[in-house]
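A short write-up of the structure that comes next.
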Amino acid sequence: MTLQFEHLMLERRQFLGHSAMGVGTAALASLLNPELRAESPETESRAKRVIYLFMHGGPSQMDLFDQKPHLSKLQGTELPASVRMNQRLTGMTSKQKSFPVASSVFKFRRHGQSGASLSELLPHLGEVADDVCLIKSMHTEAINHDPAVTYLQTGHQLPGRPSLGSWASYGLGSENQNLPAFVVLLSRGSAARPDDPLHSRLWGSAFLPSNHQGVSFRSSGDPALYLSNPPGIDAATRRRMLDGLAQLNRKQFAVAGDPEINTRIAQFELANRMQTSVPELTDLSGETKETFDMYGVDARRPGTFAANCLQARRMAERGVRFIQLYHRGWDQHYNLPSDLRLQCRDVDQPSAALIKDLKQRGLLEDTLIVWGGEFGRTIYSQGKLETNNYGRDHHGRCFTMWLAGGGIKPGITFGETDNFSYNVASNPVHVHDLNATILHCLGVDHKKLTFKFKGRQYRLTDVHGNVVHDVLA
């Protein structure tokens, strides 16, 4: 039985190899020359690239963006059942006997000509309020971190789908053949919880060719793993090794016909070019004192959110297609007032500086910035409500994100929530709608960007999603 099975598998591989040969050769040519792979945008494109500032854990919308001043009069009272409507709760608060309203302890004020109302924790964002589009009516079905982050980043709550950055790389290719099309930078917030993991599958390519996966840069040692040659290996020796390896891989492709083999060849070549391009990219010694001052005191410390924002601007200048920054620490189930201050201190000035920096360099108009987390927080307190302290549980029914640049209408607020910041009251924007809009800004029709896998055409937005035209410039 085993011999018969192996014989059948060999025949299958030979068939696939012969049938895929023509396609595979063309694929290798396009992989080795990204200019050939990048497709023309299907719609009018305003953005050439995306910088996605992801606040992992779920920022509290009513403490940062969604002001509800009248709730101070309802402090400590029971959240009306007519507002909750028996909606699903997490296991952390579903057994609570009481759901007391916790109004925000933070003051709000209006900024700019737009009059955007922002928390006192975001003074720097207030300086660029007229460049920002606030979307207060985001919503998602997911109420726990892993499915919610996976949903927002891949369009599905279960693992196994390509990430947004991978779809962008697959659809548009790279503008710089010496750098990855999709780069990921991680930072840990000042209030980071010990149990807020981020999995590499969130920037993975899943069933797309593996050259579209995100490349995670590190804050110490080599920016990317194995960037430096080991002792005893110089550039000429490395070149000979790669040429020999490519020959072996081409022979293997002739036998197996697996397109992923050609992807591997292309990735080895990119890695070789990155040995020169990445050190130049990550060397901040040429940045001015004024630039460092604009991003804040942490900008000189590798691995901080501020330093990563500065790196993101440098990547945007060099044509990296999709730049993903993850900042941990926003899961404030307790001690929210103190922890939220710490998190905002990490991100407020660098986020605003990124907008200013891109704008003064003429890059904001074709760079789309996205800021937000996987969901929001509840208006009721998790656990005991104290005079100046409270926590909030996960809440997917409504939350706030903001966008800037890259074809987005500046200085507007879109969508509203109810009086308790618990449900969307007008202009709902679903996870799929946001992703459809991001792709639209890049000039891609989210319904046409598909990949056939296991007999089905898959797309980022599954079978849902509508472009939110009202937020487009």
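In the stretch 153-167, what count of residues is obtained for those that are surrounded by fewer than 24 Cβ atoms within 10 Å (Cβ to Cβ) and among the small types (Gly, Ala, Ser)?
Of the residues in the stretch 153-167, 1 are surrounded by fewer than 24 Cβ atoms within 10 Å (Cβ to Cβ) and among the small types (Gly, Ala, Ser).
In the stretch 430-443, what residues are surrounded by fewer than 23 Cβ atoms within 10 Å (Cβ to Cβ) and not in a helix (DSSP H, G or I)?
Once the filter is applied, which keeps residues that are surrounded by fewer than 23 Cβ atoms within 10 Å (Cβ to Cβ) and not in a helix (DSSP H, G or I), the stretch 430-443 yields 430, 443.
Condition first: over 16 Å from residue 332 (Cβ atoms) and surrounded by fewer than 23 Cβ atoms within 10 Å (Cβ to Cβ). Now tell me which residues in the stretch 371-395 satisfy that.
387
Being touching an Asp or Glu at 6+ places or on another chain (Cβ under 9 Å), assigned to a loop (DSSP other than H, G, I, E, B), within 23 Å of residue 318 (Cβ to Cβ) and of a type in the set (Ser, Thr, Tyr) is the requirement here; does residue 219 meet it?
no
If we keep just the residues of the stretch 315-355 that are of a type in the set (Lys, Arg) and surrounded by 19 or more Cβ atoms within 10 Å (Cβ to Cβ), which is farthest from residue 376 (Cα to Cα)?
So, considering only residues that are of a type in the set (Lys, Arg) and surrounded by 19 or more Cβ atoms within 10 Å (Cβ to Cβ), the one farthest from residue 376 (Cα to Cα) is 321.
Just the residues that are buried (at least 22 other Cβ atoms within 10 Å of the Cβ) and modelled with pLDDT under 95, please, taken from the stretch 190-208.
Hit for the stretch 190-208 is 191, nothing else.
Output the residue which, of all residues in the stretch 455-473 that are of a type in the set (Val, Ile, Thr) and in contact (Cβ under 8 Å) with a residue 12 or more places away in the chain, is farthest from residue 366 (Cα to Cα).
461
Within the bounds of the stretch 261-271, is there any residue that is on the phi < 0 side of the Ramachandran plot, modelled with pLDDT of 85 or more and surrounded by fewer than 18 Cβ atoms within 10 Å (Cβ to Cβ)?
The answer is no, given that none of the residues of the stretch 261-271 is on the phi < 0 side of the Ramachandran plot, modelled with pLDDT of 85 or more and surrounded by fewer than 18 Cβ atoms within 10 Å (Cβ to Cβ).
Among the numbered criteria (1) modelled with pLDDT of 95 or more; (2) in contact with a Phe, Trp or Tyr (Cβ under 7 Å, 6 or more places away or on another chain), which single criterion is violated by residue 242?
Among (1) modelled with pLDDT of 95 or more; (2) in contact with a Phe, Trp or Tyr (Cβ under 7 Å, 6 or more places away or on another chain), the lone unmet condition for residue 242 is (1).
Name the residue, out of 210, 166, 220, 190, that is over 21 Å from residue 309 (Cα atoms), of a type in the set (Ser, Thr, Tyr) and touching a residue at least 24 places away in the same chain (Cβ under 8 Å).
Of the residues listed, the single one that is over 21 Å from residue 309 (Cα atoms), of a type in the set (Ser, Thr, Tyr) and touching a residue at least 24 places away in the same chain (Cβ under 8 Å) is 210.
Per-residue answers, yes or no, for (1) out of contact with any helix residue (DSSP H, G or I) (no Cβ under 8 Å at 6 or more places or on another chain); (2) among the acidic types (Asp, Glu); (3) in a helix (DSSP H, G or I):
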position	(1), (2), (3)
334	yes, no, no
342	yes, no, yes
374	no, yes, no
385	yes, no, no
392	no, no, no
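Hey, among 368, 403, 385, 439, which residue is of a type outside the set (S, T, N, Q) and out of contact with any strand residue (DSSP E or B) (no Cβ under 6 Å at 6 or more places or on another chain)?
Residue meeting the stated conditions: 439.
Looking at the stretch 288-312 only, could you name the residues that are buried (at least 16 other Cβ atoms within 10 Å of the Cβ) and free of Cβ contacts under 8 Å to residues at least 60 places away in the same chain?
292, 296, 298, 299, 306, 310
Could you tell me whether residue 184 is surrounded by 20 or more Cβ atoms within 10 Å (Cβ to Cβ), over 26 Å from residue 260 (Cβ atoms), of a type in the set (A, V, I, L, M, F, W, C) and in contact (Cβ under 8 Å) with a residue 60 or more places away in the chain?
It is false that residue 184 is surrounded by 20 or more Cβ atoms within 10 Å (Cβ to Cβ), over 26 Å from residue 260 (Cβ atoms), of a type in the set (A, V, I, L, M, F, W, C) and in contact (Cβ under 8 Å) with a residue 60 or more places away in the chain.
Kindly indicate whether any position in the stretch 405-422 is surrounded by fewer than 23 Cβ atoms within 10 Å (Cβ to Cβ), in a strand (DSSP E or B), free of Cβ contacts under 8 Å to residues at least 60 places away in the same chain and not charged (D, E, K, R).
Checked the stretch 405-422: no residue is surrounded by fewer than 23 Cβ atoms within 10 Å (Cβ to Cβ), in a strand (DSSP E or B), free of Cβ contacts under 8 Å to residues at least 60 places away in the same chain and not charged (D, E, K, R).
Got at least one residue in the stretch 219-231 being of a type in the set (Phe, Trp, Tyr) and surrounded by 15 or more Cβ atoms within 10 Å (Cβ to Cβ)?
No, because not a single residue in the stretch 219-231 is of a type in the set (Phe, Trp, Tyr) and surrounded by 15 or more Cβ atoms within 10 Å (Cβ to Cβ).
Can you name the residue in the stretch 118-131 that is of a type outside the set (D, E, K, R) and touching a Ser or Thr at 6+ places or on another chain (Cβ under 8 Å) and, of all such residues, is surrounded by the most Cβ atoms within 10 Å (Cβ to Cβ)?
125
Select from the stretch 81-99 the residues that are more than 19 Å from residue 391 (Cα to Cα) and in a loop (DSSP other than H, G, I, E, B) and write down the one among them that is nearest to the chain's Cα centre (by Cα).
If we take residues in the stretch 81-99 being more than 19 Å from residue 391 (Cα to Cα) and in a loop (DSSP other than H, G, I, E, B), then 87 is nearest to the chain's Cα centre (by Cα).
The values are calculated or read from the model by the stated rules, or taken from the named source; none is laboratory data. Fair warning: this is a prediction, and the values are worked out from it, not measured in the lab. Backbone-built Cβ (ideal geometry, glycine too); neighbour counts: all protein chains shown.
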